[in-house]
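Undergrad: Below is the structure I would like to discuss, written out as structure tokens.
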Amino acid sequence: MDASCQCATISFRTPTSKPLAIYICHCRECRKQSSSAFGVSAIFPYFELPAHLRPQLGCYVRETSTPGKRLKCYFCRLCGVRVLHFSVTVKANGDEGKDEEELPDSTVSVKGGCLDEVVEVLPAASLVRGISSGSESVKDAEEVIAKKNVQDVQRWDEEPDDGF
């Protein structure tokens, strides 16, 4: 599948013609990253973006709730759109663990809005995660809902004249 950021500076092709899975996640991290009520992720087998794109990419790295794991989040330096992220396992090398090696997981999450083709998102898994009281840590998924049917959804092929 072809994918790109909003300004098309970052354009790439996924390694397969269809994602392995689609996730619609409502956790705090996905809401913040997408500036929306949820994030949409299309899961593909691990791949690297072409080397010529690296100068135009920014990378935000954060620790995850799993010890020894980090999330590497790549975005366009021009328009700011996150295009993908993936987890890495951090392995300490050398004396005193000062040198680290990052081993990527087997999948990459391409942000759903970056895909140039409309992805059939049904069925998709909708992940709903809660925040523990008095803490900012995200609990394990409390609920996974399989979305099977959406009827009577209004659709526009272009932005409506009256805005949203």
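The values are calculated or read from the model by the stated rules, or taken from the named source; none is laboratory data. Keep in mind that this is a model prediction, so the values were computed, not measured. Every residue, glycine as well, gets a Cβ built from its backbone with ideal geometry; the counts of neighbours run over all protein chains shown. Surface areas here come from the heavy atoms of the whole protein model, side chains and all, with no ligands, DNA or RNA. Shrake-Rupley method; radii C 1.70, N 1.55, O 1.52, S 1.80 Å.
Undergrad: Does Phe75 count as modelled with pLDDT of 90 or more and farther than 19 Å from Ile24 by Cα?
TA: Numbers: modelled with pLDDT of 90 or more: yes; farther than 19 Å from Ile24 by Cα: yes.
Taking the combined requirement at face value, the residue satisfies it.
Undergrad: Residues of the range 78-112 being within 17 Å of the chain's Cα centre (by Cα), under 25 Å from Gln6 (Cβ atoms) and either of a type outside the set (S, T, N, Q) or modelled with pLDDT under 90 (or both), which ones?
TA: Cys79, Gly80, Val81, Arg82, Val83, Leu84, His85, Phe86, Val108, Val110, Lys111, Gly112
Undergrad: Next question, about the same structure. So Pro45 ticks every box in (1) under 22 Å from Leu20 (Cα atoms); (2) surrounded by 13 or more Cβ atoms within 10 Å (Cβ to Cβ) but one. Which box is left unticked?
TA: (2)
Undergrad: Residue by residue through the range 27-37, note down the ones that are open to solvent by 50 Å² or more (accessible area, probe 1.4 Å) and touching a residue at least 60 places away in the same chain (Cβ under 8 Å).
TA: Matches in the range 27-37: Arg28, Glu29.
Undergrad: Let me ask another. Go through the range 9-26 residue by residue and tally those that are open to solvent by 60 Å² or more (accessible area, probe 1.4 Å) and polar (S, T, N, Q).
TA: Of the range 9-26, the ones open to solvent by 60 Å² or more (accessible area, probe 1.4 Å) are 13, 15, 17-18, 20, 23.
Next, only the ones that are polar (S, T, N, Q) stay: 17.
The total comes to 1.
Undergrad: Does the range 48-69 hold any residues that are aliphatic (A, V, I, L, M) and either under 12 Å from the mean Cα position of the chain (by Cα) or loosely packed, with under 14 Cβ neighbours inside 10 Å (or both), and which are they? Outline the logic, then answer.
TA: First, pick out the residues of the range 48-69 that are aliphatic (A, V, I, L, M): 49, 51, 53, 57, 61.
Those that are aliphatic (A, V, I, L, M) and either under 12 Å from the mean Cα position of the chain (by Cα) or loosely packed, with under 14 Cβ neighbours inside 10 Å (or both): Ala51, Val61.
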